[in-house]
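For reference, the structure is listed below as structure tokens.
The values are calculated or read from the model by the stated rules, or taken from the named source; none is laboratory data. Since the model is a prediction, treat every value here as computed from it, not as a measurement. Note that each Cβ is placed from the backbone with ideal geometry, even for glycine, and that neighbours are counted across all protein chains shown.
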């Protein structure tokens with residue numbers, strides 16, 4: 001059965017553990033108030049409550065037998081084990097201490113280290129230890145040869161810090177990390193010229209499966225890396241090299257999208273790719289008056305020539321100057337809107353170019369003379385509607401902007417709408433990454449969004465009632481889409497659970 005839960009935006013739950021309060025309340029003296037000549041105490045109490053920590057960073061059960069040590073800056077260390085209620089108690093001289101905590105079984109719990117100030121009064125602290133899991137596998141070449149010193153990295157879905165490990169001589173690797181949801185990728189050893197890969201043989205993170213390591217180890221995440229070739233060169237404007245330009249490639253072998261590299265301060269780039277034929281497109285950085293250029297020296301993709309990248313190759317791109325679409329992005333009150341993206345493309349798509357608005361709302365897009373459709377992507381969380389110029393809901397209805405050999409000015413005004421946000425997951429709680437959700441009626445799409453790496457989405461729509469279509473991600477391909485009706489006359493948050501194809 002498909003589940004749908006409506007909840008108030010911004011609502012949250014706070015659990016207060018009675019034993020935590022009991023353990024962490026500092027004792028209060030009932031003795032008469034000391035005189036102003038009283039000396040500081042020579043001994044203070046430090047109480048440490050150790051519990052498990054869930055993958056959602058909430059407190060778990062107390063960890064009896066956890067090993068807790070407090071060390072002075074001079075290296076003197078005192079240790080004790082936590083009691084049945086998870087508390088460890090020290091009587092210490094006033095000082096700053098390095099607190100080191102290990103679980104009762106160090107192989108099952110991640111350790112914790114932190115600095116604690118025990119100087120003014122008795123001190124109490126709670127420390128949650130996440131469970132320890134292991135993600136492991138073997139890295140080989142596509143010919144079956146083990147790859148030593150490859151770097152495998154586990155990327156948590158809801159956190160930013162990846163943890164990496166090197167493979168041994170037999171190609172085996174093991175990543176020790178806290179229990180959570182992960183994606184894993186591998187890069188070959190330095191100088192090995194092996195094409196990086198995400199788990200499942202994916203080129204991009206969004207197409208890689210999410211590994212459920214919340215309760216147990218995940219073995220058997222193996223990789224077969226293909227030998228690659230290098231495309232390198234420079235990107236220039238009027239003969240001068242430019243930093244932070246993009247050199248993008250798209251293989252003709254599969255519809256997997258664009259892979260881009262940035263130029264360094266010398267205008268140089270280097271792209272490690274699998275051998276094959278590629279479309280190549282070079283783009284200037286923001287606010288450089290230059291047009292994007294396709295190989296071989298053409299301005300449109302339909303005129304482009306595939307580049308033969310069967311061996312290491314050099315390709316220099318010299319971008320031409322061009323006219324600009326300029327203007328300001330403001331709200332209905334006339335205030336500038338920074339960090340919006342203004343995007344232009346021809347009615348028959350030939351390559352969308354997006355540029356950000358500055359602190360004053362000003363933007364500039366340099367492109368070739370043509371007729372364009374202009375759209376605006378508001379800053380995330382701003383509450384503004386994403387629209388086409390001028391206040392049109394799709395590219396078919398959008399007003400055309402004609403750009404000749406001279407510059408054209410187009411000022412854009414953003415309107416506020418109603419925010420709809422939530423998550424799309426499967427029945428196990430795993431995020432449906434890159435799922436799409438459309439708002440409108442069965443004939444017209446008013447707004448659309450895609451889920452991020454945590455399965456979350458957020459979209460701003462005009463106030464009203466909507467028919468909603470939810471489409472599962474292409475990978476892993478085991479989920480069923482669904483339809484529903486929602487009332488978005490006010491802000492709403494929805495959690496959507498998709499059924500498996502084979503329950």
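If a residue has to be assigned to a strand (DSSP E or B) and under 23 Å from residue 439 (Cβ atoms) to count, how many in segment 368-393 make the cut?
Here the count works out to 9.
Could you run through segment 303-337 and say how many residues are within 23 Å of residue 378 (Cα to Cα) and either in the same structural domain as residue 280 (by the TED database) or surrounded by 16 or more Cβ atoms within 10 Å (Cβ to Cβ) (or both)?
Total meeting the criteria: 9.
Yes or no: residue 144 farther than 22 Å from residue 132 by Cβ and either in a loop (DSSP other than H, G, I, E, B) or modelled with pLDDT under 95 (or both)?
yes
Being assigned to a loop (DSSP other than H, G, I, E, B) and outside the structural domain of residue 446 (by the TED database) is true for just one of 344, 365, 396. Which residue is that?
Answer to the selection: 396.
Is at least one residue of segment 82-89 over 17 Å from residue 45 (Cα atoms), touching a helix residue (DSSP H, G or I) at 6+ places or on another chain (Cβ under 9 Å) and in a loop (DSSP other than H, G, I, E, B)?
Yes: one or more hits.
Restricting attention to segment 187-217, and to residues there that are out of contact with any helix residue (DSSP H, G or I) (no Cβ under 9 Å at 6 or more places or on another chain) and surrounded by 20 or more Cβ atoms within 10 Å (Cβ to Cβ), which single residue is farthest from residue 312 (Cα to Cα)?
The qualifying residue farthest from residue 312 (Cα to Cα) is 213.
Would you check which residues across segment 101-125 are surrounded by fewer than 16 Cβ atoms within 10 Å (Cβ to Cβ) and part of a strand (DSSP E or B) and list them?
Result: 113, 114, 115, 117.
Identify the single condition in (1) surrounded by 15 or more Cβ atoms within 10 Å (Cβ to Cβ); (2) within 32 Å of the chain's Cα centre (by Cα); (3) under 25 Å from residue 267 (Cα atoms); (4) not assigned by the TED database to the domain that holds residue 248 that residue 294 does not satisfy, given that it satisfies every other one.
Failing condition for residue 294: (4).
Of everything in segment 437-486, what is under 20 Å from residue 203 (Cβ atoms) and not in a loop (DSSP other than H, G, I, E, B)? Give them in sequence order.
450
Tell me whether segment 275-285 contains one or more residues that are more than 28 Å from the chain's Cα centre (by Cα), buried (at least 20 other Cβ atoms within 10 Å of the Cβ) and under 14 Å from residue 316 (Cβ atoms).
Scanning segment 275-285, I find no residue that is more than 28 Å from the chain's Cα centre (by Cα), buried (at least 20 other Cβ atoms within 10 Å of the Cβ) and under 14 Å from residue 316 (Cβ atoms), so the answer is no.
Given the conditions (1) surrounded by fewer than 19 Cβ atoms within 10 Å (Cβ to Cβ); (2) outside any strand (DSSP E or B), report the number of the one that residue 221 does not fulfil.
(1)
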